[in-house]
Amino acid sequence: MARKSTPTYTIELPLNVPVWQQHRLEKKFKIARNVYNSCLGEALKRHRQVKADKEYRALLCEPKSKERDKQLSVIRLAYGFSEYGLHDFVKPVQRKFKKNIGSFEAQKLATRAFQAVEKLHFGKAKKVYFKVFNDPISVENKSNNTGLRYANGNVLWGDKPTKMDPNPKNWLCIPVAPNANDEYAHLALMDKTKYVRILKREVRGKVRFFVQLIQEGYPPTKRNRKIADDGTKRVGIDIGPSTMAISCEKNVQLRELAPECKADEKKLRGIQRAMDRSKRASNPQNYHENGTTKKGKKMWKYSNCYLKLRCERKELYRKIAVQRKQSHEKLANEILELGSDVRVETMRFQSLQKRVKKTTRNKKNGKINHKKRFGKSIANHAPALLLMIIDRKLGYQGRSIKKIDTYVTKASQFNHLTGEYTKKQLSERWNDFGEFRIQRDLYSAFLIEHTTETLNSVDVDLCNAHWDNFVELHDSEMNRLKQLSNKTLRWFVA
């Protein structure tokens, strides 16, 4: 019988690594990068062999079926294109570095390399990248018994000191010391550790190391955290590229995603233009006379000024990413205070990032319309990350987000009072109900909240029962939004 996996959560803490241990840690990370690149190269080689197989290509042209999938799987296994096939490949590679990298750590690196190439194989990625010197990388174990592990308040890695060798060159013993006032961290460290992950990051131009302890059980409950214990309380969410409409029994809100995480576009644009000028000055042989880049493989030289600007840009993006994640964590907690039965429409944000294929012209001036869609907005607000965080937090309660079938429900087109579906343009932000108007996104969230248990239709009777309450909460929310100075939200209610 397969072992049932136990619930897990992750706690991350900074590591204060002495200089003499930092050199040893850097050496281990360098070896890990080489092992990963070796596995990635071998996985790409096997991927190309599978794709070149005539029988495999012929099967891909046939209609999809379980029998066809079995035959494709057999061919992939015959070429060793599998996770365990790559584990066999990494064994002799790991033996050369067994003093610094354990077998479990090498297997995890092989698994990560295979997963990257697997996405390429099944068309979910266009390219895979090898790890270069400055790329961030992490190393993790499979268990907490040997190799990289956590014990007695320390991260241990390598051969233990003995009488014969009191200071092995590959030995690491790094203390993990959370802040004395960090009650959450101290409670989390009392749980059993499943395995350990060490990460290397560049923060404000300096290399920092962090440890992630994957703990068994559920995370400790924070003192100021409120959770809706009653699993019957519903929350309907209509999420877009930059905003989120929330509807529940006692609250109706229209929120901007990560409003405080505004990138300094002017500063970023200046840095990128300076980088481009430096790059062109250092590599004139790679450009045509008209300024376009030459095709084919090229060798690039980067000046110290360029490298400094690149680090500055990288730090700006890092700060924005950290702030955005913190904002999403707070918003997720606020949503879970309203209810634990969270419902949302299935969204493909990748499709919203793509440019429009059809060329259209403006009816007023005859100019060609822009083909850009929501790529920049999605990059700035990260709506998919918020849903992932909500789903993770619900998992601690043994629940998950309930995803509504978008194409069947059509919440943005449905009118529960008439039972009719009406297509609307994206610019139409209001639903007209005769005597009053309802904001489109909030109404969609209301319909999503009142879907049936099968998640493929709207429960009209339930909508009618809570309609008057929703209208009252909606009007109150509209009055609040009209008093805000937020331009994004003001556009949605204009």
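Derivation of every value follows stated rules applied to the coordinates shown; laboratory data play no part. Every value quoted in this text rests on a predicted model; they were computed, and no experiment measured them. Glycine also receives a Cβ, built like all others from the backbone with ideal geometry; neighbour counts cover every protein chain displayed.
Residue-wise, which Karplus ³J(HN,Hα) couplings in Hz belong to the range 295-306, taking 6.51 cos²θ - 1.76 cosθ + 1.60, θ = phi - 60°, and x for glycine or proline?
For the range 295-306, the Karplus-derived couplings read 7, x, 6, 9, 9, 10, 10, 10, 6, 4, 5, 5 Hz, x marking Gly and Pro.
Using just the helices of the chain, give the 222 nm mean residue ellipticity in deg cm²/dmol: DSSP H runs with n ≥ 4 each add -39,500 (n - 2.57), and the total is spread over all residues, rounded to 500.
Calculated mean residue ellipticity at 222 nm is -14000 deg cm²/dmol.
Please determine, in degrees from 0 to 90 and to the nearest 10, the orientation of helix 383-395 with respect to the longest principal axis defined by the Cα atoms of the chain, where the helix direction is its Cα long axis.
On a 0 to 90 degree scale, this one is about 80.
What is the Cα centroid distance between the range 367-382 and the range 83-97, reported in whole angstrom?
44 Å
Taking only Cα atoms, what is the 0 to 90° angle, nearest 10, from helix 83-95's long axis to the longest principal axis of the chain?
30 degrees
Near GLY291, within a Cβ-to-Cβ distance under 14 Å, what is the net charge of the other residues, with Lys and Arg +1 and Asp and Glu -1?
Value of the local net charge: +3.
Treating only the Cβ of Lys, Arg, Asp and Glu as charged (+1, +1, -1, -1), what charge dipole size does the range 375-494 show about its Cα centre? Round to the nearest 20 debye.
With Lys and Arg at +1 and Asp and Glu at -1, about 820 debye.
The range 204-271: percent of C-alpha pairs farther apart than 19 Å?
69 percent
Out of residues 5 or more away from VAL235 or on other chains, whose amide H comes under 5 Å of its own, with H placed 1.01 Å from N in the peptide plane?
Those qualifying (amide H under 5 Å, at least 5 residues apart or on another chain) are ASP341, VAL342, ARG343.
Per the Kirkwood treatment, what hydrodynamic radius in Å, one decimal, follows for the range 13-82 from the mean inverse distance over all distinct Cα pairs?
Taking every pair of different Cα atoms in the range 13-82, averaging 1/r and inverting gives 15.3 Å.
Ranked highest first by the average count of other Cβ atoms within 10 Å around their residues, in what order do 424-434, 360-370, 192-202 fall?
Order by mean packing, descending: 192-202, 424-434, 360-370.
Report the far tail of the P(r) of the range 354-449, meaning the percent of Cα-Cα pairs longer than 19 Å.
The answer is 64 percent, as a whole percent.
Roughly how many whole Å is it from the C-alpha centroid of the range 303-363 to that of the range 38-68?
34 Å
Could you tell me the center-to-center distance, by alpha carbons, between the range 163-219 and the range 467-486 in angstrom?
After rounding, the separation between the Cα centres reads 47 Å.
Taking the Cα centre of the range 8-216 as origin and charging only Cβ (+1 Lys, Arg; -1 Asp, Glu), how large is the dipole, in debye to the nearest 20?
The calculation lands at about 820 debye.
Taking R0 as 45 Å, what FRET efficiency do you get between GLU453 and LYS314 from their Cβ-Cβ distance, rounded to the nearest 0.05?
FRET efficiency, GLU453 to LYS314: 0.45.
Identify, among PRO220, PRO175, LEU199, the residue whose Cα sits farthest towards the positive end of the charge dipole of the range 145-221, taking +1 on the Cβ of Lys and Arg and -1 on the Cβ of Asp and Glu, with the dipole about the Cα centre.
LEU199
So how strong a dipole does the chain carry about its Cα centre when Lys and Arg Cβ are +1 and Asp and Glu Cβ are -1, to the nearest 20 debye?
3780 debye
On alpha-carbon atoms, Rg over Rh for the range 8-216 using Kirkwood Rh?
1.05
Could you tell me which residue out of THR293, ALA321, LEU338 lies farthest along the dipole of the range 257-356 toward its positive end? Charges go on the beta carbon: Lys and Arg +1, Asp and Glu -1, centred on the Cα centre.
THR293
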